[in-house]
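Engineer: Please read through the structure below; I'll follow up with questions.
Each reported figure results from applying straightforward, stated rules to the coordinates on display, with no laboratory input. None of these values were measured; they are calculated from a predicted model. Ideal geometry is used to build each Cβ from the backbone, glycine not excepted, and the neighbour counts take in all protein chains shown.
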Amino acid sequence: MNKFAILLSGFLCLAGAVSGQSLEQTTEQRLKDFFTSYETSYARIGKCKLERFEVEHEKKVLRVYANPAFGYQPFTEENVSAIYRLLKQSLPGPVNYYTLQVYADGKLIEDLVPNAYRKKQDKTRLYGKLEAKGNPWVTNVSRPYEISRGLEGRHIALWQSHGKVYRNERNEWRWQRPRLFCTTEDLFTQSFVVPYLIPMLENAGAVVFTPRERDWQRYEVIVDNNTCTKGSHYLEVEDKKYRWQDTDKPGFAQKYQQYPDNYNPFTDGTARFIPTQGQPEKAFAEWIPDIPEKGKYAVYVSYQTLPESVSDAKYLVFHNGGVTEFKVNQQMGGGTWVYLGTFEFDKGRNDYGMVVLSNESSQKGVVCADAVRFGGGMGNIVRGGQVSGVPRYLEGARYWAQWAGMPYP
């Protein structure tokens, strides 16, 4: 009797395992059939496929992961409900009674419904107030007028269309848009965005950030506490009470003339900081470039945002037109190039061509100093064993962003 009970128990366990395996296989086949035959009448999204699925029988949950193409369709609450309904109808029992979760590109499809198509809006997706609190990112203190309305205090992200990119399948650098009427969109759009649209917004009070190089200057001069372009000079002035020190965060350093993909130059060096005080020019840093040719050069500063950073770091740009003062909010924008303006400089190194950062501030805290860049320069990101061979302003945003310290995922 005991022997019979043991044999019966073993048989039932085996049958259960076979039944469970059969259920898994049937579920997988039904899911594959559903996504293979799935089509939409309002969007061409490519071929949909099942990537994988997970079943938790104890919790009665079925998670289904579709390929990214399935997520390319515009989701509404209605078609999400229809997808869940049709998918459940195609599943075998008892799985069709389980809680069903469908993912596209790693996200639940119900989360991919934009607020415009929701009966009840997701408040976590709504923008806050447009007015930024505190000081703007960059303020031109020397501007001969004050803007009380318009776009004062607003921060706008804007870029001038496309640019040259590397095509893996062709192993060459190419424009992103076709040639048309003796130009291409990559070139034509920025011919009015950079000299007209961006200055118009800035003159109305906005701070404009662009993820592409805005300076058409082919030369580039880097002045830094770690490395400098030949002939350029970085200088620190301090006293007994206020001394420059290295930050805990890494900073910029130009170790190479050309960079491979996924290399961040803002992690190769150090950045410097010093406590602030209320008296002018007690301590400061100077960046003195050796300009290769007389002309106009964009000036970019960089720093690290620290816990005690102030929002009114004082920068002075000495150029052929005089001295222009800026206040930079170092509580934001650390670890990248921050555009101050475009100025004319004489050739060579001189005392009336430089950038100065003072530790003078109305706030108690620290100011931070890292590299300063003069001019747009040539593209220096290597793809397929070669650089683009064109000035950086002609390249796509991806390559400027890497040079500007954007971290890769």
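Engineer: If you average the sequence gap of Cα pairs under 8 Å that are 6 or more apart and divide by the length of the stretch 27-123, what percent do you get for the contact order? Provide the component values of the computation, followed by the final result.
Structural biologist: Working: 132 pairs, mean separation 27.7, N = 97.
Reported relative contact order: 29 percent.
Engineer: Another question about this same structure. What's the exposure ranking of Met332, Met200, going from fewest to most Cβ atoms within 10 Å?
Structural biologist: In order of increasing Cβ crowding within 10 Å: Met200, Met332.
Engineer: Something else now. Filter the chymotrypsin sites (Phe, Trp or Tyr not before Pro) in the stretch 147-207 down to the DSSP loop ones having no more than 11 other Cβ atoms within 10 Å, then list what survives. Don't skip to the answer; put the middle values down first.
Structural biologist: Working: sites: Trp159, Tyr166, Trp173, Trp175, Phe181, Phe188, Phe192, Tyr196; in loops: Trp159, Trp175, Phe181.
In loop regions of the stretch 147-207 (DSSP not H, G, I, E or B), the sparsely surrounded chymotrypsin sites (Phe, Trp or Tyr not before Pro) are Phe181.
Engineer: So how far apart, in nm, are the two label points at Gln245 and Glu54 if each is 7 Å from Cα heading toward Cβ?
Structural biologist: Result: 4.6 nm between the two label points.
Engineer: Among Thr267, Thr276, Thr124, which one shows the biggest mean-square fluctuation in a GNM of the chain, springs joining Cα atoms closer than 10 Å?
Structural biologist: Checking each option, the largest mean-square fluctuation is seen for Thr124.
Engineer: Among Gly134, Val310, Ile288, whose Cα projects farthest towards the positive end of the dipole of the chain, with charges put on the beta-carbon of Lys, Arg (+1) and Asp, Glu (-1)?
Structural biologist: Farthest towards the positive pole: Gly134.
Engineer: Still on this model: Mind checking which of Glu344, Glu58, Glu110 has the largest fluctuation in a GNM of the chain, springs on alpha carbons under 10 Å?
Structural biologist: Comparing Glu344, Glu58, Glu110 in the GNM, the peak value goes to Glu58.
Engineer: Give me, ordered by chain and number, the residues 5 or more places off Glu51 or on other chains with an amide H under 5 Å from its own placed amide H.
Structural biologist: The answer is Tyr65, Ala66, Asn67.
Engineer: If you don't mind, there's one more thing I want to ask. Can you give me the long-range amide H partners of Phe209? Hydrogens built in the peptide plane at 1.01 Å from N, cutoff under 5 Å, separation of 5 or more residues or another chain.
Structural biologist: Amide H neighbours of Phe209, under 5 Å, 5+ apart: Ile156, Ala157, Leu158.
Engineer: Net charge near Trp337, counting Lys/Arg +1 and Asp/Glu -1 over other residues with Cβ under 13 Å of its Cβ? Write down the numbers at each step before the final one.
Structural biologist: Numbers: positive: Arg212, Arg214, Arg373, Arg392; negative: Glu213, Asp215, Glu220, Asp224, Asp370.
Here the count lands on -1.
Engineer: Turning to a different aspect of this structure: Only loop residues by DSSP count here, and only those with at most 14 other Cβ atoms within 10 Å; note down the trypsin sites (Lys or Arg not before Pro) in the stretch 65-165 that meet that. List each step's numbers first, then the result.
Structural biologist: On the way: sites: Arg85, Lys88, Lys107, Arg118, Lys119, Lys120, Lys123, Arg125, Lys129, Lys133, Arg149, Arg154, Lys164; in loops: Arg118, Lys119, Lys120, Lys129, Lys133, Arg149, Arg154.
In loop regions of the stretch 65-165 (DSSP not H, G, I, E or B), the sparsely surrounded trypsin sites (Lys or Arg not before Pro) are Arg118, Lys119, Lys120, Lys129, Lys133, Arg149.
Engineer: Hey, what did the stretch 138-403 get for relative contact order, percent, Cα under 8 Å, at least 6 apart? Don't skip to the answer; put the middle values down first.
Structural biologist: Working: 657 pairs, mean separation 67.7, N = 266.
Reported relative contact order: 25 percent.
Engineer: Then there's this: Please determine, in degrees from 0 to 90 and to the nearest 10, the orientation of helix 2-36 with respect to the longest principal axis defined by the Cα atoms of the chain, where the helix direction is its Cα long axis.
Structural biologist: 50 degrees
Engineer: Using Cα atoms only, what is the angle between the long axis of helix 77-90 and the major principal axis of the chain, expressed in degrees (0 to 90) to the nearest 10?
Structural biologist: 30 degrees
Engineer: OK, next. At 7 Å along the Cα-to-beta-carbon direction for both Lys88 and Met200, put a label point, then send me their distance in nm to one decimal.
Structural biologist: 5.3 nm
Engineer: Moving on. For His233, which sequence-distant residues (separation of 5 or more, or a different chain) have an amide H within less than 5 Å of its own amide H, given hydrogens modelled in the peptide plane?
Structural biologist: Long-range HN contacts for His233: Ile288, Asp290.
Engineer: Further, regarding this structure: Using the crude model of +1 on Lys and Arg Cβ and -1 on Asp and Glu Cβ, and no other charge, please compute the dipole size for the chain relative to its Cα centre, in debye to 20.
Structural biologist: Numbers: 51 positive and 46 negative charges, 224 e Å.
It comes to approximately 1080 debye.
Engineer: Compute the Rg to Rh ratio over the chain from the alpha carbon atoms, using the Kirkwood formula for Rh, and round to two decimal places.
Structural biologist: That ratio is 1.14, to two decimals.
Engineer: Obtain the nm distance between the two label points defined at Thr40 and Gln25 by a simple spin-label model: each point lies 7 Å from its Cα along the Cα-to-C-beta direction.
Structural biologist: Using points 7 Å along Cα→Cβ, the separation is 3.5 nm.
Engineer: Can you work out ³J(HN,Hα) from phi for every residue in the stretch 243-251, in order, using Karplus 6.51 cos²θ - 1.76 cosθ + 1.60 and θ = phi - 60°, giving whole Hz and x for Gly and Pro?
Structural biologist: Karplus-based 3J(HN,Hα) across the stretch 243-251 equals 10, 7, 9, 6, 7, 6, 7, x, x Hz.
Engineer: How high is the relative contact order of the stretch 234-334, given as a whole-number percent (alpha carbon pairs under 8 Å, six or more residues apart)?
Structural biologist: Details: 125 pairs, mean separation 24.8, N = 101.
This gives 25 percent for the stretch 234-334.
Engineer: Between Arg118 and Asp268, what length comes free when the chain is fully extended (0.36 nm per residue of separation minus the Cα-Cα distance, one decimal in nm)?
Structural biologist: Values: separation 150, 0.36 × 150 = 54.00 nm, distance 4.64 nm.
Here the segment from Arg118 to Asp268 would lengthen by 49.4 nm.
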